[in-house]
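Notes follow once the structure below has been shown.
What follows draws every value from the coordinates through simple rules; no lab data is involved. Please read all numbers here as calculations on a predicted model, not as lab measurements. Because the Cβ atoms are built from the backbone with ideal geometry, glycine has one as well, and the counts that use them run over all protein chains shown.
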Amino acid sequence: MSPRSFVKNLTFQSNDLGQAQNHTGSIEDIAVGFVNKGDIMPTPVLYLSDIGDNSRVTAKFTPVLPIYITSDYEETDIVRGQVDTPAMWTQDLTTLAQSTTWNLARDPTTGRYSIDHA
């Protein structure tokens with residue numbers, strides 16, 4: 001199915017909750033995504049299929065920052081897929097202040113890493 005139109009009545013009930021309603025008169029697929037600068041079409045991050053006419057979908061956006069410690073990447077590498085090590089720390093970014101500083105430390109005796117709020 002090719003996209004017929006962008007949803008113009010996407011509303012946000014709070015900072016993280018978005019809602020869209022199908023007013024096309026038929027069953028449609030709805031995708032929520034982001035438009036990158038220079039792109040013509042948005043990149044979907046959430047795709048919902050077979051949404052009935054006058055049906056509503058709600059999406060909650062919770063940005064979570066995971067921190068991984070691994071030697072598989074170099075300092076300037078961009079991680080483009082699944083990381084094959086568990087996250088040592090995760091944080092819901094909506095709970096942080098606009099400016100936040102953290103300290104990453106390595107214990108020289110155990111080799112373990114820790115992260116603490118500065």
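Each Lys and Arg Cβ is given +1 and each Asp and Glu Cβ -1; about its Cα centre, region 23-85 then shows a dipole of about 340 debye.
Charged side chains reduced to their Cβ positions (Lys and Arg at +1, Asp and Glu at -1) give the chain a dipole of some 360 debye around its Cα centre.
Stretching the chain fully between T62 and V83 yields a gain of 5.6 nm (0.36 nm per residue, less the alpha carbon separation).
List the relative contact order of the chain as a percent without decimals, with contacts defined as Cα pairs under 8 Å and 6+ residues apart.
Values: 150 pairs, mean separation 21.4, N = 118.
The normalised contact order for the chain reaches 18 percent.
The amide H of W89, built 1.01 Å from its N in the peptide plane, has I67 as neighbours under 5 Å, considering only residues 5 or more places off or on other chains.
Show me, bin by bin at 10 Å from 0, the whole-percent P(r) of the chain based on Cα pairs. Computed distribution, short to long bins: 10, 29, 27, 20, 11, 3, 0. Projecting the Cα atoms of P66, A105, H117 onto the dipole axis of region 64-118, where Lys and Arg carry +1 and Asp and Glu carry -1 at the beta carbon, places H117 farthest toward the positive end. Expressed in Å, the radius of gyration and Dmax of the Cα atoms of region 21-61 are 11.6, 33.
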